[in-house]
Amino acid sequence: MKLVIGLTGGIGSGKTTVANMFAAYGINIVDMDVIAHAIVEPGQPALQEIVSAFGAEVLGRDGSLNRQHLRKLVFADPAKRKQLEGILHPRIRAEARHQVDKATSPYCMMVIPLLFETGQNDLIQRILVVDTTPDLQLQRTMQRDNANREDVEKIIRVQVDRNARLAGADDIIENLGDEAALLAGVEALHQKYLSLAER
Ligand code: ADP
């Protein structure tokens, strides 16, 4: 079985940055967020199912999914949210598995932002947590998304907290310094994963 590392961490912790560094070493990246977007592109069966379930009002003028509207529809309605998850989750998981099967690197990295919130542990063998302080998360996310403090704080608050993430980690990469320091951490883990993959 192929070694699959699950990469997770809070919003703005540095998951994408870390994944890009592994990719630069030739490691295949399977990104759950990318897949979640791709499966609801116009023409995809999941989009058809969403329209059947929630009505054409979830489509924008150009026929693409109006995520904001859909989010509003399911937000206050657990049954609808369940229905939506029933459409999306099996397809996301199937596509993730498919991408792992296609991967040619010695091991691969699956980016699962909400790993601890949603539990997809069966797809991976090890958990790598990108760790940083809530303060840095806040600063970096505000800057990246041009977002205001309250909105980002709200997201950080509803996510699993730092200690819970660290407690669930097999490996931890600290993202407290500059990108050069981060890259040194990635390099060390890459060597470790290469030797694990050889076994
Ligand atoms: P995530 O994918 O976990 O939400 P990102 O990788 O997008 O986080 O990082 C959030 C923002 O912080 C991005 O704009 C990224 O370029 C920046 N960033 C991440 N790590 C560092 C670092 N060590 N030094 C400076 N900027 C960083």
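Given the pairs Lys102/Lys154; Lys82/Lys192; Lys15/Lys82; Lys15/Lys72; Lys15/Lys192, which are separated by over 30 angstrom at their Cα positions? Where the Cα-Cα span goes over 30 Å, the pairs concerned are Lys102/Lys154; Lys82/Lys192. Comparing Cα centroids, segment 159-173 and segment 95-118 end up 18 angstrom apart.
Along the Cα-to-Cβ line of Thr17, 7 Å from the Cα, sits a label point; which residues in segment 156-183 have backbone N less than 14 Å from it? Flagged as within label range: 173-183.
Full extension of the chain segment joining Asn148 with Leu166 gains 3.8 nm, where the gain is 0.36 nm per residue of separation less the Cα-Cα distance.
Accessible surface for the chain, divided over its residues, is 56 Å² per residue with a 1.4 Å probe.
Choose one of Ile156, Leu88, Thr16: the residue whose Cα lies farthest towards the positive end of the charge dipole of the chain (beta-carbon charges +1 Lys, Arg; -1 Asp, Glu; about the Cα centre). Of the listed residues, the answer is Leu88. Rg ratio for the chain: its Cα radius of gyration over 2.2 N^0.38 Å, N being its residue count, equals 1.09.
The values are calculated or read from the model by the stated rules, or taken from the named source; none is laboratory data. This one's a predicted model, so the numbers in the text were calculated from it and none came from an experiment. Neighbour counts are summed over all protein chains in view; Cβ atoms, including those assigned to glycine, are modelled from backbone coordinates with ideal geometry. Please note that ligands, DNA and RNA were not included when accessible areas were found on the heavy atoms of the full protein model with its side chains. Shrake-Rupley method; radii C 1.70, N 1.55, O 1.52, S 1.80 Å.
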